[in-house]
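For reference, the structure discussed in these notes is given below.
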Amino acid sequence: MPEKMPEKKPKRREFLFTATYAVGAVGVGAVVWPLVDQMNPDASVKALASTEVDVSSVKPGNTITILWRGKPVFIRRRTQDEIMEARSVKMEDLKHPEKDEDRAKDPEWLVMLGVCTHLGCVPLNDKGDYDGWFCPCHGSHYDISGRIRKGPAPLNMEVPKYEFVNANTIKIG
Amino acid sequence: MSDHEYVPSSKFGKWFNDRLPLLSLASHLTDYPTPKNLNYWWTFGGILTFCLITQIVTGLTLAMHYIAHADMAFESVEHIMRDVNYGWLIRYIHANGASMFFLAVYIHIFRSLFYGSYKSPREIIWIIGIIIYLLMMAAAFMGYVLPWGQMSFWGATVITNLFSAIPLVGEGIVNWLWGGYSVDNPTLTRFFTLHYLIPFLILGLVVLHIWALHIPGNNNPIGIDVKKPSKDTVPFHPYIVIKDAFALLMFTIVFAFFVFYSPNILGHADNYIEANPLVTPAHIVPEWYLLPFYAILRSVPDKLLGVVAMLSAILILAALPWLDTSKIRSAVFRPLYKQFYWILVADVLILGYVGAMPAEGLYLLIARVATAYYFVHFLFILPILGFKEKTIPVPLSITEPVLGGMPNLATVKQKESLKK
């Protein structure tokens, strides 16, 4: 019997150690998570979720920029030529293929985040090789539908959730 | 740690030292044997310590006046510049001090590269150094955000967006870093907190860096192991202390020139415009000390791969002790490595230059070639060179070429010319 004892005891002790470590790890995790999560967007930031914009004064061929959740949103009233141009692009020519019809519900109005999908700069209006936007930071060119055509950005400029409250007012968010 | 047993002369000193051996530590530091052939490139360790302390002291005093709030930060910095007694001086020392810190650290790193100071048995010193360098970049970046000017804001936007390149979780991580959906007040307050914290982390790592240095002792210009203490060494005090002090004096002249005569030359005029989330400045550039890495980022046309390349360019340095397969430390005895070393220096300078230029046309081409060469240097040239290179025979000790043993070519020639 005394020879068997040293074999059994360490096993029980090992189990206790492992169980203690496991409970300890859960405890540490429970303490660390609030410290990590406090950095996420807080309730007051999340509360600023939607903005209404009066677009009655925007003339065709013009873009206005408004601030939504700390980010610029471009609202462009497109001319017939621009709509034609945006809709005639072949899908094969696009890095991130999206139909203009899917990006602009009402073809006259293009609403999108004015944030370059590369590293977050604000692209410039009516610039670049594709008659749309050009990002001065790292040289991304966007077309008149806000789709990436040339440069390091991987995606088209994002279209946020929006709706026409009435003929003159767009609600973003 | 101590090379000899130290006994304090006074009775109180002995009593105290038995309980907390601070006097032994001081004795170790003053008597610490250093190779007697250390040149001025070795004075930058001391200069860097000075830079760190300068940044901490000026930073603490600035923090007494600065307000970390998106609506007030910009004005509070102007308040420091105009109203606070000597505020302009303290801020200019702090802002230019960051540049001086990086100037010194780059010289320190390239010293190490030339003389092979990162090689066995000093790998841990080197790796701690790389961590310090990374923390310095983080601290400098966050510090640059605090004045809340246009470059602050858009620099912060671009750099934090680097994380959005991570697949799947990228977006979530960026929102977590921002504490919102764009760089805003929550971002500013946390950057201020971290900017305050990091220098003290660096200070702790500097202690480890020096501790690890004191185990094998300093490398030296001929890169051989030195018996210590011996004819090849001198005590740290007064020999190295006075040499470091003189070098520091020269360095502070350069420092003072920037602070007093061109305090804004290393900054960017756009940062005197308050942050505006609707307008990106026409030409975003980071501070000069980050330009080579910025050039690497922009030279890769893919977003994720660009970020990976940039981070690899820094992290590859940590693997350097194992990538360099040569047993000979100093470039003095490595004729081929010496040439590749200077090509690397030129390569990094070129990367820095194109990093400041628009990423298009010829600049982009140059950036791509220089980026490729940077990685080729570390991943191919260094490992192969260790096996292929024919090195020059290394002397057995520092004094040997002077006092006999192996003939020194220079002295032999001199003696012959004297005979004639």
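The values are calculated or read from the model by the stated rules, or taken from the named source; none is laboratory data. Please read all numbers here as calculations on a predicted model, not as lab measurements. Here the Cβ is made from the backbone with ideal geometry for all residues, glycine too, and neighbour counts use every protein chain on show. The accessibility values were calculated without ligands, DNA or RNA, using every heavy atom of the protein model including side chains. Shrake-Rupley method; radii C 1.70, N 1.55, O 1.52, S 1.80 Å.
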Could you grab me the full set of residues in the stretch B:178-192 that are within 11 Å of chain A (Cβ to nearest Cβ), crowded, with 22+ Cβ neighbours inside 10 Å and assigned to a helix (DSSP H, G or I)? B:Trp178, B:Thr187
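Of these, B:Val158, B:Val169, B:Val145, B:Val183, which one is of a type in the set (Val, Ile, Thr) and without any contact (Cβ under 8 Å) to a residue 24 or more places away in the chain?
Details: B:Val158 fails: without any contact (Cβ under 8 Å) to a residue 24 or more places away in the chain; B:Val145 fails: without any contact (Cβ under 8 Å) to a residue 24 or more places away in the chain; B:Val183 fails: without any contact (Cβ under 8 Å) to a residue 24 or more places away in the chain.
The match here is B:Val169.
Only one of B:Ala156, B:Ala138 is of a type in the set (Gly, Ala, Ser), buried (at least 19 other Cβ atoms within 10 Å of the Cβ) and closer than 28 Å to B:Val57 by Cα. Can you tell me which? Working first, answer last.
Details: B:Ala138 fails: buried (at least 19 other Cβ atoms within 10 Å of the Cβ).
Only one candidate qualifies: B:Ala156.
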Out of all the residues in the stretch A:6-14, is one or more at pLDDT 85 or above, on the phi < 0 side of the Ramachandran plot and open to solvent by less than 80 Å² (accessible area, probe 1.4 Å)? no
Since B:Ala245 meets every condition but one in (1) under 30 Å from B:Asn185 (Cα atoms); (2) in a helix (DSSP H, G or I); (3) not polar (S, T, N, Q), which condition does it not meet? (1)
With the condition kept exactly as written, say whether any residue in the stretch A:57-68 is open to solvent by 40 Å² or more (accessible area, probe 1.4 Å), more than 9 Å from chain B (Cβ to nearest Cβ) and in contact with a Ser or Thr (Cβ under 9 Å, 6 or more places away or on another chain). yes
Failed item in (1) outside any loop (DSSP other than H, G, I, E, B); (2) touching a residue at least 24 places away in the same chain (Cβ under 8 Å); (3) not acidic (Asp, Glu), with B:Gly217 passing the rest: (1)
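If you check B:Tyr196 against the conditions, is it surrounded by 19 or more Cβ atoms within 10 Å (Cβ to Cβ), more than 12 Å from chain A (Cβ to nearest Cβ), among the aromatic types (Phe, Trp, Tyr) and on the phi < 0 side of the Ramachandran plot? Quick ask: steps written out before the conclusion?
Numbers: surrounded by 19 or more Cβ atoms within 10 Å (Cβ to Cβ): no; more than 12 Å from chain A (Cβ to nearest Cβ): yes; among the aromatic types (Phe, Trp, Tyr): yes; on the phi < 0 side of the Ramachandran plot: yes.
So B:Tyr196 fails the test.
Quickly run through the stretch B:374-393 and pick out the residues that are under 25 Å from the mean Cα position of the chain (by Cα) and surrounded by fewer than 17 Cβ atoms within 10 Å (Cβ to Cβ).
Residues satisfying the conditions are B:Phe375, B:Val376, B:Leu379, B:Phe380, B:Pro383.
Quick check on B:Tyr133: is it surrounded by fewer than 22 Cβ atoms within 10 Å (Cβ to Cβ) and aromatic (Phe, Trp, Tyr)?
Answer is yes for this residue.
Answer yes or no as to whether A:Asp143 is over 29 Å from B:Pro358 (Cβ atoms), more than 13 Å from every other protein chain (Cβ to nearest Cβ) and acidic (Asp, Glu). Give the steps one after another, and end with the answer.
Values: over 29 Å from B:Pro358 (Cβ atoms): no; more than 13 Å from every other protein chain (Cβ to nearest Cβ): yes; acidic (Asp, Glu): yes.
Criteria not met by A:Asp143.
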Which condition does A:Cys116 not pass, out of (1) within 14 Å of chain B (Cβ to nearest Cβ); (2) surrounded by fewer than 22 Cβ atoms within 10 Å (Cβ to Cβ); (3) more than 24 Å from A:Glu52 (Cβ to Cβ), if it passes all the others? (2)
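Could you tell me which of the residues A:Trp109, A:Trp133 is out of contact with any Gly (no Cβ under 9 Å at 6 or more places or on another chain) and either closer than 24 Å to A:Leu48 by Cα or open to solvent by less than 10 Å² (accessible area, probe 1.4 Å) (or both)?
Details: A:Trp133 fails: out of contact with any Gly (no Cβ under 9 Å at 6 or more places or on another chain).
After ruling out the rest, the residue left standing is A:Trp109.
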Every residue in the stretch A:69-107 that is within 14 Å of A:Asp143 (Cα to Cα) and within 14 Å of another protein chain (Cβ to nearest Cβ), please. A:Phe74, A:Lys95, A:His96
Matching residues, the stretch A:141-173, being assigned to a strand (DSSP E or B), under 17 Å from the mean Cα position of the chain (by Cα) and within 25 Å of B:Leu162 (Cα to Cα): A:Tyr142, A:Ile148
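Output yes when any residue across the stretch A:126-140 is within 14 Å of another protein chain (Cβ to nearest Cβ), of a type outside the set (A, V, I, L, M) and touching a residue at least 60 places away in the same chain (Cβ under 8 Å), and no when none is. If you could, list the steps in order and put the result at the bottom.
Applying the first criterion (within 14 Å of another protein chain (Cβ to nearest Cβ)) to the stretch A:126-140 yields A:127-129, A:133-140.
From what's left, of a type outside the set (A, V, I, L, M): A:127-129, A:133-140.
Pick out the ones that are also touching a residue at least 60 places away in the same chain (Cβ under 8 Å) and you get none.
No, the stretch A:126-140 has no match at all.
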Any residue at all in the stretch A:149-167 that's among the hydrophobic types (A, V, I, L, M, F, W, C), more than 22 Å from A:Gln80 (Cα to Cα) and open to solvent by 20 Å² or more (accessible area, probe 1.4 Å)? yes
When every residue in the stretch B:334-370 that is within 14 Å of chain A (Cβ to nearest Cβ) and crowded, with 19+ Cβ neighbours inside 10 Å is compared, the one farthest from the chain's Cα centre (by Cα) is B:Ala359
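Could you tell me whether B:Asp244 is in contact (Cβ under 8 Å) with a residue 24 or more places away in the chain and either more than 13 Å from chain A (Cβ to nearest Cβ) or over 25 Å from the mean Cα position of the chain (by Cα) (or both)? Break it down into steps so the answer makes sense when it comes.
Numbers: in contact (Cβ under 8 Å) with a residue 24 or more places away in the chain: yes; either more than 13 Å from chain A (Cβ to nearest Cβ) or over 25 Å from the mean Cα position of the chain (by Cα) (or both): yes.
Yes: the conditions hold for B:Asp244.
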Helices (runs of 4 or more DSSP H) wholly inside the stretch A:1-118 that include at least 2 residues being of a type in the set (Val, Ile, Thr): A:5-37
Is it the case that some residue within the stretch A:26-48 is within 20 Å of the chain's Cα centre (by Cα) and more than 11 Å from chain B (Cβ to nearest Cβ)? yes
Set A:Phe164, A:Phe134: member being under 21 Å from B:Gly306 (Cα atoms) and not basic (Lys, Arg): A:Phe134
Within the stretch B:7-40, restricting to residues that are in a helix (DSSP H, G or I) and closer than 30 Å to B:Pro221 by Cβ, the one that is most open to solvent (accessible area, probe 1.4 Å) is B:Tyr40
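Helices (runs of 4 or more DSSP H) wholly in the stretch B:288-331 with at least 1 residues that are open to solvent by 30 Å² or more (accessible area, probe 1.4 Å) and under 30 Å from B:Pro221 (Cβ atoms) - which ones?
B:303-315, B:320-323
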